[in-house]
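Step one of this worksheet: look at the structure below.
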Ligand code: AMP
């Protein structure tokens with residue numbers, strides 16, 4: 001018999017607040033909870049339906065929206081009204097996605113600017129956030145029907161590479177679907193939780209989570225130690241997955257099975273080929289050869305694909321994922337043989353070539369693939385939801401940020417505040433000061449990236465700290481705090497400590513990084529490491545020289561009556577020399593000229609200082 005608690009104030013029945021775990025995937029989405037009887041995570045499904053809800057939305061006339069399997073049927077008949085892979089558009093502008101647009105059969109608005117993308121269907125405009133919210137609503141309905149209970153709280157997973165804008169867009173989609181999103185977590189972290197639950201408390205393990213889905217790829221290196229999960233490094237590609245395998249197959253079929261040079265394949269037939277390509281790929285996960293008769297341009301054509309050919313077609317894509325694994329291992333500072341377990345997640349890890357290449361790379365005989373790779377992430381999200389509900393105090397979750405975060409300092413140098421791979425949530429504060437007397441404003445520009453020269457990094461935002469009371473240069477104490485929350489969203493605060501003037505912003509970049517940009521940023525930092533060191537030391541020397549010129553000229557101006565003409569003239573000469581050396585771009589020249597000026601002015605600066613001190617203590621009584 002079940003006990004139902006009653007609220008004695010208003011007489012209502014109080015149901016347990018269930019927090020659901022949601023895997024909002026590019027291809028398929030799932031919703032899971034912890035079963036109240038078994039205490040194990042389980043996937044919820046609509047009656048008689050498949051557990052996977054295809055992340056497909058059909059937008060019919062009269063504002064009719066259909067999500068999932070029923071929407072999938074419209075992919076062929078009405079491709080322009082049927083939206084798939086919307087996750088790839090989350091938090092992105094038209095410019096970000098323009099190169100991939102040929103693969104989409106629906107209309108993405110070309111407004112040729114930096115604002116977020118919109119999709120046009122039947123004269124109405126939809127944002128990716130709105131479209132994702134339809135998928136989330138569908139999942140919410142499934143859970144509410146199955147549990148006979150209202151659902152209002154959720155944990156949603158995102159790829160590890162999602163930036164602030166993409167995470168925020170996911171959170172907004174949840175809100176629009178009527179869900180309070182308690183936590184956004186990385187998919188590989190959720191997957192590791194799904195496996196971690198079986199790990200005995202006293203076991204220490206280093207785990208690689210390889211997650212290859214329909215449209216995204218992530219690799220994470222995790223340390224699991226006495227119930228604590230720590231992400232050592234992450235890497236991946238937000239635009240790589242099983243869809244790309246399908247694309248290669250379609251290309252191969254078009255090039256080799258249709259002889260008409262001017263062959264024009266309409267949208268309708270293209271979708272047919274895409275669906276058959278996916279079927280062929282799945283079939284070849286179990287068999288050696290695939291063939292099918294298909295009607296294209298009203299002619300029947302026999303399409304074939306062997307396992308050997310498939311592997312040849314997709315090898316370059318699989319190799320890209322191996323390169324990411326290599327980078328993740330480098331970042332974690334581990335050898336391949338240090339990995340105890342390799343966890344396979346995502347539908348595309350069923351592909352034989354993928355399994356074989358990963359086994360080879362991690363030098364493992366067996367891969368960890370006991371759980372259904374489609375379900376693992378959602379099951380982990382349900383476990384995280386259980387942790388947030390306070391039911392599992394034994395597990396702690398640590399995550400890392402994939403790129404360094406910092407501010408621009410003098411000379412355009414990047415000053416890192418939260419380093420790459422730092423654990424999140426994370427809060428770090430650093431102190432800075434002004435460079436000019438009486439400076440009342442300070443512009444704070446926030447950057448993300450690994451290069452010393454900020455112009456090579458990515459600007460996240462900027463703001464002005466205004467109203468700093470007039471003080472000599474170097475006197476204000478400006479504390480800049482970076483607070484990166486568990487969802488990877490950054491809040492920046494600047495405070496002048498003497499006057500308590502403060503300003504803050506939340507950084508929500510308007511659009512995201514493409515995978516190529518991210519990979520390039522990391523690669524560039526390695527390629528240009530030597531150059532960057534040179535750039536930093538030259539810029540620092542130039543900045544110091546400029547500061548010395550500024551303070552020297554100010555000193556001369558203030559004390560001209562105390563100095564001889566010779567001293568003033570010679571100082572001005574050395575200032576000119578230093579100015580010229582700055583233009584030379586030679587660090588050694590600058591340092592030499594800097595020292596000459598400094599050595600020359602030091603004695604009379606000290607002389608004046610002694611005089612001032614003597615004056616200050618004159619007349620004072622010393623007991
Ligand atoms: P996910 O995003 O994790 O749902 O993965 C979806 C991807 O897995 C799609 O590209 C599917 O075509 C692919 N997939 C699903 N089942 C198989 C299979 N048996 N063999 C190969 N790929 C599969």
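The values are calculated or read from the model by the stated rules, or taken from the named source; none is laboratory data. Keep in mind that what you see is a predicted model, and the values were worked out from it rather than measured. We place every Cβ from the backbone using ideal geometry, glycine too, and count neighbours over all the protein chains shown.
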So in the range 285-297, with the set limited to residues that are in contact (Cβ under 8 Å) with a residue 24 or more places away in the chain and more than 15 Å from the ligand (Cβ to nearest atom), which one is farthest from the chain's Cα centre (by Cα)? 297
Qualifying positions in the range 176-193 - in a helix (DSSP H, G or I), in contact with a strand residue (DSSP E or B) (Cβ under 7 Å, 6 or more places away or on another chain) and at pLDDT 85 or above: 187, 190, 191, 193
Would you pick out the residues in the range 313-346 that are within 16 Å of the ligand (Cβ to nearest atom), surrounded by fewer than 21 Cβ atoms within 10 Å (Cβ to Cβ) and over 24 Å from the mean Cα position of the chain (by Cα)? 313, 315
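When you go through 300, 308 one by one, which is the residue that is more than 11 Å from the ligand (Cβ to nearest atom), part of a helix (DSSP H, G or I), surrounded by fewer than 21 Cβ atoms within 10 Å (Cβ to Cβ) and not assigned by TED's automatic domain parsing to the domain that holds residue 420?
308
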From the option list 467, 474, 461, single residue qualifying as free of Cβ contacts under 8 Å to residues at least 60 places away in the same chain, out of contact with any strand residue (DSSP E or B) (no Cβ under 8 Å at 6 or more places or on another chain) and over 26 Å from residue 530 (Cα atoms) is 474
If we scan the range 429-439, do we find a residue that is over 30 Å from residue 471 (Cα atoms) and part of a strand (DSSP E or B)? no
Does the range 347-377 hold any residues that are within 15 Å of the ligand (Cβ to nearest atom), over 24 Å from residue 28 (Cα atoms) and in contact with a helix residue (DSSP H, G or I) (Cβ under 8 Å, 6 or more places away or on another chain), and which are they? 357
Condition check: within 14 Å of the ligand (Cβ to nearest atom), closer than 13 Å to residue 242 by Cβ and surrounded by fewer than 20 Cβ atoms within 10 Å (Cβ to Cβ). Does residue 282 satisfy that? yes
